[in-house]
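What follows is a short report on a single structure.
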Amino acid sequence: MQLNPMHLKISTLLGGRLFRIPEYQRAYAWGKRQRVDLFNDILDVKRSGREHFMATLVTLAKDNRLIGADEYRTVEIVDGQQRVTTIVILLKAIEKNLDEQDSKQEKIRREIAELLVKDDDYSLILLQTNHDSSSVFADYIRKGEINFAEAKTAADLNVVDAARECEAFVREWSRDKTLIDLVATIRNQLSVIYHEISDEATVYRVFEVLNSRGLDVKWIDKLKSQLMALLFEHLEGGSRAEAVREMQVIWQDIYRILGLRGDLGDEALRFAGTLALSSRPNRIIGQEDAATELAKVAGTKAQTIAAVGSRLKAVVQAVNTLDQNVRLRAVTKIAHARFVATAILLRKFEPDVERRLLGTWERVTFRIFGLGGADTRHKVGDYVRLGYVIGTNGIDSEEIDANITEIGKEYKMDVIDDPKYWFNCYDGWTEEIRYLLFRYDEYLAASAGILFNSTEWNKIWADDAARSIEHIKPQSSGVAYVHHLGNLTMLPPKVNSMLQDKSPDVKAATYRNCGLIATRAVGEAIEMGTKWNEAAVRERTSRIEAFVRKEWGD
C-alpha cells in the first residue's frame, strides 16, 4: 500500500479542491464540546505562536473540474469531515463579520467568499455535505442565513448550533484581537496530515489502519470501512461495482435511521455482533469484538458481505423502533434486557404476536428492574442467552413467551409488602414513576371506557421525567410523606413549572382541567372537600398499589 501523505496548512488544503461528503457517510455530528475544543485550540495557537496539528484527513480523489480559468480537484471525504465542516462554517462566520468599509478586511472578505462559493452558474460551494435536504448548511455558506425554521433533522440543528457558536466565537475574538489575525491563524497555523487517494479500495484500508486504535472514530464506522474494503479486495468488475453500490445504500439507510444517536449505533453494533457468534453467549460483546466478529462472518464473498450489512441495518431498525416507542423505552435502559426486545422485533412476527411477546417482555422486565430494583448485574446470562436463540430463529413464539415468563419467576410482588416501599418514589426513581403513572392512567381510561389523552402524555414523554412529576403537597411543605407514591402525580412540564409551591387547594382547578385522568381525580377530590394530608396520600397509594398488584402480580 503506497501512500503519499502531505502535511498541509489549512490555506493549502482548501485551495484548488472541492470537498464532497457522500450520502453513505455519517451526518455532521460534532456538538458544542468538540467545537469549544477547536475554538480553544485556535486561541492557544494565537497565544503561543506555534503551529497546531488538527487531525488526519483521508479523501477519495474523484475528478477534476474547470470553473472559469481555474481547475479544481473534487474529493470525497472519508475521514475528517467533522473538522472540515466546522472550519468551513467558521470561515463563513468570519466573512459575515469582516468590515466592508475597511479596505484590508474587505479584501480578505472577498477572498473567503470566493473560496467558499465558486463563481459559476450553480454557485458551487467548497464543501457539499450529505443529509442536507433542507439546505440549512448550503444556505448558510451561500447566504449567511441561519435557517432554524427549516431545520428538519438532528444534523440540521447541529449545523444551526455550529453557525451560532462560530459567530459568537468570532464576536468574542474581535473584542481584543483583529479578525485579520483570526484568518491568518486559521490559514497558516492550523494543519492536517492529508491523504488523497485515487484507489477506492485503498481508501478504506487507510481509514481502517489510521483508526485501528479507536481514536475518535466509532466502531460502527470502522466496520463500514472494513466491509467496503472487503468488497474491493475480493470482487472484480461489474459485480464489484454493483456490490459496492448496494453497500453504500445500506449505510446511507443506517445513518439516516441513526441520525446523531451514536449511542443507538453502539448498541446496535454490539447486538448484531452478539447475534453473529457461532455459539450461544452469556453476555453482550463489546463494540470492538462485535466489529471483529461481523467482519469475520462477512468473509470474502459478495453475498456474505452484503448479508452482514443488511443484518446490521435490520438490527439498527429494531433498536430504533424500540427507542421510538416511549412506553417500551421507559421499561429499562439495561442493555441485556433490551437485547431480548430487539431480538423479538427482528423476527418480524405478525403484529398481534409481536404485541403479545413485547407485552410479556415489558411486564416481566419492569417487575425485575423497576419494581424489583435489580441492576445491571442481574439476569445477564438469562436475557442474553434467550435473546440469542430468539434472534437466530431458535424458538417459536410460544417458547419465547414461556421463557420470558420463566426469567421473572423469582421476582415476587411481596417486595411491595414492605410498609416503606412507596415512601420515597422520587429520588432516583423518576423514570420508573413516570412509566408507572402512565400505565395507571391507561388503566383508568380503559376501566372508565374513555379516551386516553395521548397528546398530554406526549408532552410528558418529550422532557425529563422530573420536570413532569408533580408533588401534590409541595416539596417546600417539608412533610415527611412528600415523596410518597400517593403524593405524586403527573402534569405536562410547562404546567408543572407554573404551579411551583402552591397549596393543593389552589392547584386543584389546574389538576381538574389538565386532561390526565389520575391527576384530574385528585383535583376533583380536593374540590369536593378532601383534605390533602397523610391519610389522603396513603389512601391514594393503596388504590395505585392495587393496580400494580393486578398488572405485575403472578
*Go through (1) under 25 Å from Thr342 (Cα atoms); (2) basic (Lys, Arg); (3) part of a helix (DSSP H, G or I) and name the single condition Arg240 misses.*
(1)
*Is it true that Thr342 is assigned by TED's automatic domain parsing to the domain that holds Gly299, crowded, with 16+ Cβ neighbours inside 10 Å and among the polar types (S, T, N, Q)?*
yes
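Results for (1) in contact (Cβ under 8 Å) with a residue 24 or more places away in the chain; (2) touching a Cys at 6+ places or on another chain (Cβ under 6 Å); (3) more than 30 Å from Gly262 (Cα to Cα), shown as yes or no for each residue.
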{"position": "Leu98", "(1), (2), (3)": "yes, no, yes"}
{"position": "Lys107", "(1), (2), (3)": "no, no, yes"}
{"position": "Ala138", "(1), (2), (3)": "no, no, no"}
{"position": "Ala149", "(1), (2), (3)": "no, no, no"}
{"position": "Asp161", "(1), (2), (3)": "yes, no, no"}
{"position": "Glu165", "(1), (2), (3)": "yes, no, no"}
{"position": "Ala168", "(1), (2), (3)": "no, no, no"}
{"position": "Ile186", "(1), (2), (3)": "yes, no, no"}
_Every residue in the range 46-70 that is more than 16 Å from Gln128 (Cβ to Cβ), under 32 Å from the mean Cα position of the chain (by Cα) and of a type in the set (Ser, Thr, Tyr), please._
Thr56
*Top-ranked residue of the range 519-543 - restricted to ones that are crowded, with 20+ Cβ neighbours inside 10 Å and among the β-branched types (Val, Ile, Thr), ranked as farthest from Ser468 (Cα to Cα)*: Ile526
*Answer yes or no as to whether Ile395 is outside any helix (DSSP H, G or I) and closer than 22 Å to Arg283 by Cβ.*
yes
*Does Leu43 count as under 28 Å from the mean Cα position of the chain (by Cα) and either touching a residue at least 40 places away in the same chain (Cβ under 8 Å) or part of a helix (DSSP H, G or I) (or both)?*
no
*Which of the residues that make up the range 127-150 are more than 24 Å from the chain's Cα centre (by Cα) and surrounded by fewer than 21 Cβ atoms within 10 Å (Cβ to Cβ)?*
Asp139, Arg142, Lys143, Gly144, Glu145
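Each row is one residue, and each column tells you yes or no for (1) more than 25 Å from the chain's Cα centre (by Cα); (2) buried (at least 20 other Cβ atoms within 10 Å of the Cβ).
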{"site": "Tyr72", "(1), (2)": "yes, no"}
{"site": "Val75", "(1), (2)": "yes, yes"}
{"site": "Gln81", "(1), (2)": "no, yes"}
{"site": "Ile94", "(1), (2)": "yes, yes"}
{"site": "Lys107", "(1), (2)": "yes, no"}
{"site": "Glu111", "(1), (2)": "yes, no"}
*When the range 96-105 is examined, which residues are found to be of a type in the set (D, E, K, R), in a helix (DSSP H, G or I) and surrounded by 13 or more Cβ atoms within 10 Å (Cβ to Cβ)?*
Lys96
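Table: residues versus (1) at pLDDT 95 or above; (2) outside any loop (DSSP other than H, G, I, E, B).
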site	(1), (2)
Pro281	yes, no
Thr300	no, no
Lys313	yes, yes
Leu328	no, yes
Thr360	yes, yes
Gly373	no, no
*asked:* Looking at the range 407-425 only, could you name the residues that are surrounded by fewer than 18 Cβ atoms within 10 Å (Cβ to Cβ), touching a residue at least 24 places away in the same chain (Cβ under 8 Å) and either assigned to a helix (DSSP H, G or I) or in contact with a helix residue (DSSP H, G or I) (Cβ under 7 Å, 6 or more places away or on another chain) (or both)?
replied: Met413, Val415, Ile416
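Looking only at the range 1-30, which residues are of a type in the set (Gly, Ala, Ser) and either within 18 Å of Ile197 (Cα to Cα) or at pLDDT below 90 (or both)?
Gly15, Gly16, Ala27, Ala29, listed by residue number.
The values are calculated or read from the model by the stated rules, or taken from the named source; none is laboratory data. Just so it is clear, the structure is predicted and the values come from calculations on it, not from any experiment. Using ideal geometry, Cβ is built from the backbone for each residue, glycine included, and neighbour counts are taken over all protein chains shown.
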